[in-house]
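The structure appears below as structure tokens.
Rule-based calculations on the coordinates, nothing more; no lab input. It should be emphasised that the depicted structure is a prediction, and the values quoted were computed from it without experimental measurement. Using ideal geometry, Cβ is built from the backbone for each residue, glycine included, and neighbour counts are taken over all protein chains shown.
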Amino acid sequence: MLCVEISKEKSTIPVAEIASFCKIKKVYRDAVPCEGEALKLKRLAYSRSVNDLLFSCSPDELQEKMHGMHYDDFCVRVFNAGKEKESMERAIGAVMDGRVNLKSARNEIRIFLEGNEALVCRNLFTIRERFDERRATKRPFFSPTSLHPRLARAMVNLSGAEKEILDPFCGTGGILIEGALMGLKVYGSDVQERMIEGCKENLRFFGFGAKEKDYDYMLSCSDIGESEFKNVEAIVTDMPYGRSSYTAKEQLCSLYERSFERFHAILRPGGKAVVCTNNQSFLMRYAGHFELRSLHKIYVNRSMCRYIGVFIRT
Ligand SMILES: C[S@@+](CC[C@H](N)C(=O)[O-])C[C@H]1O[C@@H](n2cnc3c(N)ncnc32)[C@H](O)[C@@H]1O
């Protein structure tokens with residue numbers, strides 16, 4: 001059994017991301033025991049580490065249960081213990097068997113205290129993605145409408161895509177960059193030629209498509225209604241909304257209606273559409289022929305929330 005340490009984000013996204021790849025057994029405040037392939041979880045955006053769950057017990061039983069537990073080279077880290085943290089780590093380390101190594105232990109024992117339970121784990125890996133280094137302002141082609149890379153990555157994960165994604169409103173390519181960095185084939189289109197050129201430049205900046213024969217990605221300049229992609233595994237997209245979004249003067253309700261119709265034609269049966277907008281009622285109204293798998297709300301500021309709908313093409 002695995003145990004994922006999630007970030008402290010007040011959102012439904014961290015757990016939903018894990019559920020795209022694993023069977024979740026229980027959700028604690030900071031830890032999520034689940035069954036699945038650990039390696040698939042390296043791409044999570046809102047999690048901190050992936051661990052093997054060794055056993056769980058009451059916090060009072062920890063020393064007794066861990067007495068004589070052997071690792072050649074280990075350290076103990078206790079989470080959520082407040083002021084007791086260091087004394088608990090020392091006391092547990094003292095009853096275990098093997099060499100304590102606080103600097104670079106080969107076995108890091110992580111204990112998550114969750115109310116009346118202690119989840120005793122061995123760390124498999126820590127997730128260290130440098131999202132801030134990929135922020136929109138740090139790319140050669142910039143637009144203020146681009147999502148934060150952490151959210152863009154989480155959206156790709158919510159699709160569960162293992163092979164490919166399409167962003168038919170790709171803009172500067174924030175979602176495509178994350179998909180490509182995860183090893184997926186990425187396809188994108190946008191109605192503005194300058195966005196397609198800028199998106200290419202950004203993808204090149206991150207090492208994709210530098211060579212002519214390199215088919216890491218495919219981009220085309222087209223209106224959503226003319227998108228020719230077919231049988232695609234997943235659509236992951238951030239729709240136009242808000243004051244600075246370009247819509248070629250089309251009313252948003254008309255654009256959303258046309259878009260969901262097109263998404264249906266583009267996706268293979270069972271394929272997923274992960275769609276971000278600030279207008280929850282548009283998602284409910286125009287995605288009628290999709291099955292809604294989950295809906296996530298993200299607070300942006302006093303006057304704006306984002307909604308991310310995860311839909312399945314029936
Ligand atoms: C919110 S932005 C996407 C931001 C993007 N995620 C990024 O990282 O830059 C929406 C994009 O939709 C494009 N767009 C607007 N109307 C469109 C249409 N009818 N068909 C295709 N793309 C359209 C705009 O040009 C804009 O780049």
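Which whole-Hz ³J(HN,Hα) couplings does the range 234-246 yield from phi under the Karplus relation 6.51 cos²θ - 1.76 cosθ + 1.60, θ = phi - 60°, glycine and proline marked x?
Per-residue couplings from phi come out as 7, 9, 10, 8, 10, 6, x, 6, x, 5, 8, 7, 8 Hz.
Let me know the shape class of the range 109-184, please: from the alpha-carbon gyration tensor, a ≥ b ≥ c as square roots of the eigenvalues, rounded when a/c is under 1.5, otherwise prolate if a/b is greater than b/c, or oblate.
In terms of gyration-tensor shape, prolate.
Counting pairs of Cα atoms in the range 2-126, how many percent are more than 26 Å apart?
Details: 1514 of 7750 pairs.
Pairs farther apart than 26 Å: 20 percent.
Which residues' amide hydrogens lie under 5 Å from the amide hydrogen of Ser222, considering only partners 5 or more residues apart or on another chain, with H built in the peptide plane?
Hits under the 5 Å cutoff: Asp190, Val191.
Calculate the dipole size of the chain relative to its Cα centre from +1 charges on Lys and Arg beta carbons and -1 charges on Asp and Glu beta carbons; express the result in debye to the nearest 20.
500
Projecting each Cα onto the charge dipole of the range 132-313 (Lys/Arg +1, Asp/Glu -1 at the beta carbon, about the Cα centre), which of Ala180, Ser245, Ser303 comes out farthest on the positive side?
Checking the options against the dipole of the range 132-313, the answer is Ser303.
Can you give the three extents of the C-alpha atoms in the range 132-313 along their principal axes, from longest to shortest, in whole Å?
The Cα atoms of the range 132-313 stretch 43, 38, 29 Å along the principal axes, largest first.
Can you classify the chain as rounded, prolate or oblate using the Cα gyration tensor, where a ≥ b ≥ c are the square roots of its eigenvalues, rounded means a/c under 1.5, and otherwise it's prolate if a/b beats b/c and oblate if not? Provide the component values of the computation, followed by the final result.
Values: a/c = 2.52, a/b = 2.09, b/c = 1.21.
In terms of gyration-tensor shape, prolate.
Just from its helices, what would the mean residue ellipticity at 222 nm be for the chain, if runs of 4 or more DSSP H residues each count -39500 (n - 2.57) and the sum is divided by every residue, rounded to the nearest 500 deg cm²/dmol? Before the final figure, lay out the partial values.
Values: 8 runs with 77 residues, N = 314.
For the chain, the value works out to -7000 deg cm²/dmol.
How large is the charge dipole for the range 132-313, taken about the Cα centre, if only the Cβ atoms of Lys, Arg (+1) and Asp, Glu (-1) carry charge, to the nearest 20 debye?
Working: 26 positive and 22 negative charges, 114 e Å.
Using Cβ point charges on Lys, Arg, Asp and Glu, the range 132-313 gives about 540 debye.
Taking H as built 1.01 Å from N, whose amide H comes closer than 5 Å to the amide H of Cys34, not counting residues under 5 places away?
Distant-sequence amide H within range of Cys34: Leu2, Cys3, Val4, Lys25.
Non-local amide H neighbours of Phe169 (under 5 Å, H modeled in plane, Pro and chain starts lacking H): which ones?
Amide H to amide H, under 5 Å and 5 or more residues apart or across chains, Phe169 pairs with Ser189, Asp238.
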